[in-house]
Amino acid sequence: LIVAHMGGGVSVGAHKRGRVVDVNNALDGEGPFSPERAGTVPVGDLIKLCYSNKYTEKEIYSKIIGKGGYVAYLNTNDARDVLKLVEEGNEEAKLYLNAFIYQIAKAVGANAAVLEGKVDSIILTGGIAYSDVVVEGLKNKIGWISNVTVYPGEDELLALAEGALRVLNGEEEAKEY
């Protein structure tokens, strides 16, 4: 499976036989940009920024996480705001929305290579998966790899809690990775 979670950050991971075998570090801003994260940035430019004496470490970190992505481009961390701007004909918002879809599709393609083309399904999750515009844009770019299934919403904490309860109740054995 390839799972793309689209929330405040975007993670795209390759899952093989129930194990995550590759995933970007979305927590630290790696991978596709997102509503609040810059995504993978050109390393040379980042080094120059770090040594420019214009910003503290904390300020640079906030440019990557918290004030990156849509926040930096359009002053919002809400993808619904971006979609509304696009509906209203805002060409800049359309450019960033298309770039968002492009970067996620590119990460899915990279993970398809990790799985050597043996992809049973691509799964889209997270709050942004409620957007038909984003989902259809992604399907157009990645649907040739495998079927695309959508589970919109932010259910990861519930899933973790339910998994822990199954282990604690003896219904399932804890797995070591």
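The values are calculated or read from the model by the stated rules, or taken from the named source; none is laboratory data. In this text, all values refer to a predicted model and were calculated from it rather than measured experimentally. Here Cβ is always computed from backbone atoms with ideal geometry, including for glycine, and neighbour counts include all displayed protein chains. What goes into the accessible areas is simple: the full protein's heavy atoms, side chains included, and nothing from ligands, DNA or RNA. Shrake-Rupley method; radii C 1.70, N 1.55, O 1.52, S 1.80 Å.
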> Taking +1 at the Cβ of each Lys and Arg and -1 at the Cβ of each Asp and Glu, which of A93, Y130, A110 sits farthest along the dipole of the range 90-144 towards its positive end, judged by Cα position relative to the Cα centre?
Replying inline: A110
> Given the options Y102, Y61, Y51, which has the most mean-square fluctuation in a GNM of the chain, springs set between C-alpha atoms less than 10 angstrom apart?
Replying inline: Y51
>> Taking a cut-off of 23 Å, what percent of all Cα-Cα pairs in the range 86-177 are separated by more than that?
In response: 43
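Net charge near N90, counting Lys/Arg +1 and Asp/Glu -1 over other residues with Cβ under 15 Å of its Cβ?
Numbers: positive: R80, K84, K94; negative: D78, D81, E87, E88, E91, E92.
Within the 15 Å Cβ shell, the charges total -3.
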> Along its principal axes, what span do the Cα atoms of the chain show, with the longest given first and each in whole Å?
Replying inline: 54, 37, 31
> Helix 132-142: angle to the longest alpha-carbon principal axis of the chain, degrees 0 to 90, nearest 10?
Replying inline: 80
> Quick one: with all protein chains in place, what share of the accessible area of the chain is carbon or sulfur, to the nearest percent (1.4 Å probe)?
Replying inline: 53
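Multiplying the sequence separation of A161 and D22 by 0.36 nm and subtracting their Cα-Cα distance, what value in nm do you get? Write down the numbers at each step before the final one.
Details: separation 139, 0.36 × 139 = 50.04 nm, distance 2.30 nm.
Taking 0.36 nm per residue and subtracting the Cα distance, the gain is 47.7 nm.
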> At E57 and E88, where each label point lies 7 Å from the Cα along Cα→Cβ, what is the point-to-point distance in nanometres?
Replying inline: 4.0
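Using helices alone, what [θ] at 222 nm do you get for the chain, with -39,500 (n - 2.57) per DSSP H run of 4 or more residues, divided over all residues and rounded to the nearest 500? Before the final figure, lay out the partial values.
Details: 7 runs with 79 residues, N = 177.
Computed ellipticity for the chain at 222 nm equals -13500 deg cm²/dmol.
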>> Based on alpha-carbon centroids, what's the gap between the range 8-75 and the range 81-139 in Å, whole number please?
In response: 17
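Given +1 on the Cβ of Lys and Arg, -1 on the Cβ of Asp and Glu, and no further charges, what dipole in debye does the range 1-94 carry about its Cα centre, rounded to the nearest 20? Before the final figure, lay out the partial values.
On the way: 12 positive and 13 negative charges, 79 e Å.
Dipole of the range 1-94, to the nearest 20 debye: 380 debye.
So, in the chain, how many Lys pairs have Cα atoms under 13 Å apart, if the pair is 8 or more places apart or on different chains? Show your work: numbers first, answer last.
Working: K16/K118; K54/K63; K58/K67; K84/K94; K106/K139; K106/K141.
Value for the chain: 6.
If you roll a 1.4 Å probe over the heavy atoms of the protein chains, what accessible area per residue do you get for the range 53-177, in Å²? Spell out each step's value before the answer.
Numbers: 8320 Å² over 125 residues.
I get 67 Å² per residue for this part.
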